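The structure under discussion appears below in the form of structure tokens.
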Amino acid sequence: MVNIIIFGPPGAGKGTQANNLVNDFNLFKVSTGDLLRDKIKKKDQLGVKIKSIIDRGLLVKDDIINDLIESILSNKNYFNRLIFDGYPRNFNQARHLDILIKKYYQKISFVFNLKVDHDVIIGRIIGRLICSNCGLTFNEFSNPSTKENHQCHISFLQKRTDDNEKIARNRLETYTKETLPVLNYYQNQNLLYEIDGMSHIHEINKEIRRIIQSLET
Ligand code: AMP
């Protein structure tokens, strides 16, 4: 039983790897980005506010995120079976996660950092397509949806509103300033595993699985 953090810049493939690990280890994925996009769909005042932050490539306020995370960590069905994708995004969130982890008698077992060159990232973000039916992520150029890897109709494939070059550059800047320093926090706790995020999707999954299986207690 493990809680895992998938760390890395936008477009590094965190969601894709998290989806694979959900299947491999029977985990529940917590994507704060997905949870925020669900809030936007409600089109209420909070949704409008969240959209305006996401469309500028900035971080949504920590108290909104912390509440979302507590509602999940407190759920006994997910006890020590979570994989965090896109969270924590700054020191405050990392510290708050530790408080919640203790409060609900759980632990973080692994933090996997997907390393990808920043010039590759913009191309990946621009090509990203998400299936609104099953949630799988594809890339027009490097990992297209095919009959072999995807059962849903192509009409379900959508682009995210923040997946354009201008916002992608802002997101990358936010990542470098606010998120990247959090790696030290996990390095100091000996939880950090560096992964080559530029290799093939299946190779990355194999490497992460190897590490989990060799150390799982
Ligand atoms: P993602 O789907 O992880 O790429 O996130 C999309 C956007 O949602 C980010 O650019 C942020 O604006 C917002 N977001 C996602 N997760 C967080 C988080 N943990 N803290 C603050 N903002 C977040």
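Observations, loosely collected:
- Considering only beta bridges that DSSP places wholly inside the chain, some 25 percent are antiparallel.
- Note on the chain: with neighbouring protein chains present and a 1.4 Å probe, carbon and sulfur make up 52 percent of its accessible heavy-atom surface.
- Taking all protein chains into account, the per residue accessible area for segment 84-217 stands at 58 Å² (1.4 Å probe).
- The residues packed around Arg210, meaning those with a beta-carbon under 15 Å from its beta-carbon, carry a net charge of -4 if Lys and Arg are +1 and Asp and Glu are -1.
- Estimated from helical segments only, the mean residue ellipticity of the chain at 222 nm is -13500 deg cm²/dmol, where each DSSP H run of four or more residues counts as -39500 (n - 2.57).
- Using a cut-off of 31 Å between Cα atoms, the listed pairs Lys51/Lys147; Lys41/Lys76; Lys51/Lys177; Lys103/Lys159; Lys107/Lys166; Lys29/Lys115 include Lys51/Lys147; Lys103/Lys159; Lys107/Lys166 as exceeding that distance.
- Extended-chain gain in nm, criterion 0.36 nm per residue less alpha-carbon gap, Asp44 and Asn164: 40.7 nm
- Those GluC sites (Glu not before Pro) in segment 146-202 that DSSP places in a loop and that have at most 13 other beta carbons within 10 Å: Glu148
- A quarter of the convex hull surface defined by the alpha-carbon atoms of segment 14-80 gives 5.3 nm² as the mean projection.
- Quarter the surface of the alpha carbon convex hull of the chain and you get the mean projected area, 11.7 square nanometres.
- Simple label model, 7 Å out from Cα along Cβ direction - Leu191 to Ile53, nm: 2.2 nm
- A straight chain from Phe91 to Ile211 at 0.36 nm per residue would run longer than the Cα-Cα distance by 40.7 nm.
- Centroid-to-centroid separation of segment 127-177 and segment 42-78 [C-alpha atoms, Å]: 21 Å
- Rough spin-label spacing in nm, given labels placed 7 Å along Cα→Cβ, for Asp67 and Val22: 2.4 nm
The values are calculated or read from the model by the stated rules, or taken from the named source; none is laboratory data. Remember, it's a predicted structure, so these values are computed and weren't measured experimentally. Don't worry about glycine lacking a Cβ; one is built from the backbone with ideal geometry, like all the others, and counts go over all protein chains shown. SASA here: full protein model, heavy atoms, side chains in, ligands and nucleic acids out. Shrake-Rupley method; radii C 1.70, N 1.55, O 1.52, S 1.80 Å.
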